[in-house]
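Undergrad: First, the structure itself, so that you have it in front of you.
The values are calculated or read from the model by the stated rules, or taken from the named source; none is laboratory data. Values in this document were obtained by computation on a predicted structure and should not be read as measured data. Using ideal geometry, Cβ is built from the backbone for each residue, glycine included, and neighbour counts are taken over all protein chains shown. Calculation scope for accessible area: heavy atoms of the full protein, side chains included, ligands and nucleic acids excluded. Shrake-Rupley method; radii C 1.70, N 1.55, O 1.52, S 1.80 Å.
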Amino acid sequence: MANTLFAAIDMGTNAFKLLIVQAHLPGKFIPLLTVREHVVLGRDSPSSTISTHSQNLSVKSLQNFNKLIQTHNVPLLHTRCVATSAVREAQNKAKFIHSIAETTGFKVDVLSGEEESRFSYLGALQFFPVFENLVLNIDIGGGSTEFAIGLRGKIEFCLSLKLGHVTLTQQNFGDEEAERASNMREYIRNVIKESGLIDKVKNIGFEIALGSSGTIRAIEKAVFKGYALDFADNEALLSECKRDWKFSIEELKSVVERLCKGGEGQKVRRDGFFKRRSESIVAGGILLDEIFDLLGIKEMLVSGYGLREGLIADSLAKVFDDGYDLNANARFRSILRLATRFNSKRITTSAAEIASIAREIFEGLRKYKELDNDGIYLTVDLDEKDLENLEAACLLHNIGLSTGKKGYHKKSYHIIMNGNHLRGYSAEEVKLIALLTRHHRKKLPKFNDASFNELKEAKQKFKVLCAIIRLSFVLHRNGYINYREMDFSHSHEGFKLVIGEERGPNHQPVVEQCVTDKFAVELTHELDYFKKVLKQELSVELKAPPFCSNE
């Protein structure tokens, strides 16, 4: 599996971020791990020199990233480390990069503003099916903002401006809130007008405006949760807000207006909602508001992906000799959008690990479909669409946790069935995925239930996929997460699944008492169900030490 693993590190102005994914051709990758380290190089920008303190923090963060990359067995050729605005502008960047290479082994590629724009656009293409559209992609970073107009994966125009939410926050625009906001707006307008951006965008045009940065995602979240209203986070409000990663100019202005209000009460509210981003979100909101006005944007789609995902897509295209299709598997991206909408990074990682375990079991079953002396053990043919539906169910099985742990599998089912979230999937496929999430735990499915009537021919496939997801869930929940060292084989005695000894990242060994009789009972229960469905024994050999599960 190691040759399908890729990693990207973004040494940003406001934070260092690591992404590890598992890739599958022609055009799909599943995020396995996302880590963010609070390294604010932007605080050094007034002197245009990266301080010793920031250098030490940088090295420490990158060393942590390196350990995670090695733990996941990501090949060195599949790992990319890039730096953006803060390093790009630093007078001592050569010495800084050399120090990183010596202490961590990472070769840092300092991106130009144009390169940063391109990768951000490529990342957004992995999130939204906008390949055929003329897209204006905007990425607001800590030290700069990148603009790119792209069509079918090619850049028509790009520009990087030294307007970042961190550097704007640090500039002296006055003492009073109103004065600061007014002066900041004037400064932003002057920079944008003098750059020639407005005329260029007007001449080329665009069909869709797309935002792909943490600042823009934070504003979208504020819109979605009613930050501009006095009853934010109200359950009734959330039930009515069925936006799909977008906001209008009116919604943006209402959030920015609230952000610019002075007073200690507003600051406390802002800190509580935006947390670490609170310090610079006002500048980010004002900057985006001015961009909307000057470029004539009425509505913006908000991408959950950005620079790192663009780096991954670019790496895949190079490693597989352009075998990676930027426009492939557009429908699977709706799965990832839904998972990202409801799940935290930790829960998303958990779901991705279960999906990887399930894939290994699925591929093992397909490999041994026809047995030499025992006939055909499986009465249905499993294809790539079945694997995709299984992975989709694994990635979405825990989205119901957003409303509480009790009965979350039932809530996951209702979200999938009632939200019209899955684009490109047939009604039967949506039902199949929803039922797999509903029955990945607890009681076994009862096929005489009316909810299975719509499956028709897919009912037999459901039984096999359900056996796989249930077994994967039990193994993962009890700490056996090491999908990277799995071996699925068959003999005259039946199937055998061996999980190796290598440890997973961010998981501490559990004490021996954690391996309880309850796990043995659960595992036996699922193996019995496996035998009932597939008419074959499956034995599981657990060589790897278990890890405490957070789910």
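Undergrad: Restrict the check to region 205-216 and report whether at least one residue is aliphatic (A, V, I, L, M), modelled with pLDDT of 80 or more and within 20 Å of the chain's Cα centre (by Cα).
TA: Taking every residue of region 205-216 in turn, at least one turns out to be aliphatic (A, V, I, L, M), modelled with pLDDT of 80 or more and within 20 Å of the chain's Cα centre (by Cα).
Undergrad: Identify all residues within region 243-272 that are open to solvent by 40 Å² or more (accessible area, probe 1.4 Å) and either under 12 Å from Lys221 (Cα atoms) or in contact with a Cys (Cβ under 6 Å, 6 or more places away or on another chain) (or both); write none if there are none.
TA: Result: Arg243, Asp244, Lys246, Glu251.
Undergrad: In region 84-97, is there at least one residue being outside any loop (DSSP other than H, G, I, E, B), β-branched (Val, Ile, Thr), crowded, with 18+ Cβ neighbours inside 10 Å and out of contact with any Pro (no Cβ under 8 Å at 6 or more places or on another chain)? Walk me through it before giving the result.
TA: Initial filter on region 84-97 (outside any loop (DSSP other than H, G, I, E, B)): 85-89, 93-97.
Filter once more, so that each one left must be β-branched (Val, Ile, Thr): 87, 97.
Right, trim to crowded, with 18+ Cβ neighbours inside 10 Å and you get 87, 97.
This time we only want the ones that are out of contact with any Pro (no Cβ under 8 Å at 6 or more places or on another chain), so: 87, 97.
Yes - at least one qualifying residue is present in region 84-97.
Undergrad: Select, from Leu68, Leu18, the only residue that is in contact with a helix residue (DSSP H, G or I) (Cβ under 9 Å, 6 or more places away or on another chain) and not in a loop (DSSP other than H, G, I, E, B).
TA: Details: Leu68 fails: in contact with a helix residue (DSSP H, G or I) (Cβ under 9 Å, 6 or more places away or on another chain).
On inspection, the qualifying residue turns out to be Leu18.
Undergrad: Taking only region 212-229 into account, find how many residues are of a type outside the set (Val, Ile, Thr) and either free of Cβ contacts under 8 Å to residues at least 40 places away in the same chain or in a loop (DSSP other than H, G, I, E, B) (or both).
TA: Final tally of qualifying residues: 9.
Undergrad: Run Val201 past the list (1) open to solvent by 20 Å² or more (accessible area, probe 1.4 Å); (2) within 19 Å of Leu252 (Cβ to Cβ); (3) aliphatic (A, V, I, L, M) and report the number of the one that doesn't hold.
TA: Looking at each condition in turn, Val201 falls short on (1).
Undergrad: Look through Asn373, Asn420, Asn448 and report the one residue that is part of a loop (DSSP other than H, G, I, E, B), open to solvent by 70 Å² or more (accessible area, probe 1.4 Å) and either at pLDDT 90 or above or within 28 Å of Lys345 (Cα to Cα) (or both).
TA: Exactly one residue qualifies, and that residue is Asn420.
Undergrad: While we're on this one: Condition first: within 15 Å of Ala222 (Cα to Cα) and open to solvent by less than 30 Å² (accessible area, probe 1.4 Å). Now tell me which residues in region 284-302 satisfy that.
TA: Within region 284-302, Gly284, Gly285, Ile286, Leu288, Asp289, Met300, Val302 qualify.
Undergrad: How many of the residues making up region 14-37 are open to solvent by 10 Å² or more (accessible area, probe 1.4 Å) and closer than 18 Å to Val59 by Cα?
TA: Matching residues across region 14-37 total 5.
Undergrad: Would you pick out the residues in region 76-93 that are more than 23 Å from Thr167 (Cβ to Cβ) and hydroxyl-bearing (Ser, Thr, Tyr)? Show your work before the answer.
TA: Within region 76-93, the subset more than 23 Å from Thr167 (Cβ to Cβ) is 76-80.
Across region 76-93, the qualifying residue is only Thr79.
Undergrad: Can I ask one more? Which of the following residues is under 28 Å from Gln126 (Cβ atoms) and not assigned by the TED database to the domain that holds Glu485: His24, His53?
TA: Unique residue meeting the criteria: His24.
Undergrad: List the strands (runs of 3 or more DSSP E) that sit entirely inside region 100-198 and contain at least 1 residues that are buried (at least 24 other Cβ atoms within 10 Å of the Cβ). Spell out how you get there, then give the answer.
TA: Details: elements: 108-110, 135-140, 145-151, 154-161.
Fully inside region 100-198 and qualifying: 135-140, 145-151, 154-161.
Undergrad: Consider Glu454 carefully, then state whether it is acidic (Asp, Glu), in contact with a Lys or Arg (Cβ under 9 Å, 6 or more places away or on another chain) and farther than 28 Å from Leu538 by Cα.
TA: It is true that Glu454 is acidic (Asp, Glu), in contact with a Lys or Arg (Cβ under 9 Å, 6 or more places away or on another chain) and farther than 28 Å from Leu538 by Cα.
Undergrad: Give all pairs with beta carbons closer than 8 Å in which a residue from region 432-444 that is open to solvent by less than 10 Å² (accessible area, probe 1.4 Å) meets a residue that is not in a helix (DSSP H, G or I); count only pairs at least 6 apart in sequence or on separate chains.
TA: Close Cβ pairs (under 8 Å, with a partner that is not in a helix (DSSP H, G or I)) amount to Ile433/Leu422; Ile433/Tyr425; Leu435/Pro445; Leu436/His397; Thr437/His397; His440/His397.
Undergrad: In region 222-242, what residues are modelled with pLDDT under 90 and in contact with a strand residue (DSSP E or B) (Cβ under 9 Å, 6 or more places away or on another chain)?
TA: Selection gives Phe224 alone.
Undergrad: Would you mind telling me which numbered condition in (1) in contact with a Lys or Arg (Cβ under 7 Å, 6 or more places away or on another chain); (2) in contact (Cβ under 8 Å) with a residue 60 or more places away in the chain; (3) surrounded by fewer than 24 Cβ atoms within 10 Å (Cβ to Cβ) Ser278 fails?
TA: With respect to (1) in contact with a Lys or Arg (Cβ under 7 Å, 6 or more places away or on another chain); (2) in contact (Cβ under 8 Å) with a residue 60 or more places away in the chain; (3) surrounded by fewer than 24 Cβ atoms within 10 Å (Cβ to Cβ), Ser278 is out only on (2).
Undergrad: Can you name every residue in region 240-280 that is part of a helix (DSSP H, G or I), of a type in the set (Phe, Trp, Tyr) and under 28 Å from Gly296 (Cα atoms)?
TA: Listed by number, the list holds a single entry, Phe274.
Undergrad: Further, regarding this structure: Enumerate the pairs (first residue in region 478-503 and within 21 Å of Leu32 (Cβ to Cβ); second residue anywhere and in a strand (DSSP E or B) and at pLDDT below 70) with beta-carbon separation below 8 Å, excluding pairs fewer than 6 apart on the same chain, so at least 6 apart or on different chains.
TA: Every condition considered, the pairs that remain are Gly479/Phe547; Tyr480/Phe547; Ile481/Phe547; Arg503/Pro509; Arg503/Phe547.
Undergrad: When you go through (1) closer than 30 Å to Ser280 by Cα; (2) crowded, with 19+ Cβ neighbours inside 10 Å; (3) not polar (S, T, N, Q) one by one for Ile69, which number turns out not to apply?
TA: Of everything listed in (1) closer than 30 Å to Ser280 by Cα; (2) crowded, with 19+ Cβ neighbours inside 10 Å; (3) not polar (S, T, N, Q), Ile69 misses just condition (1).
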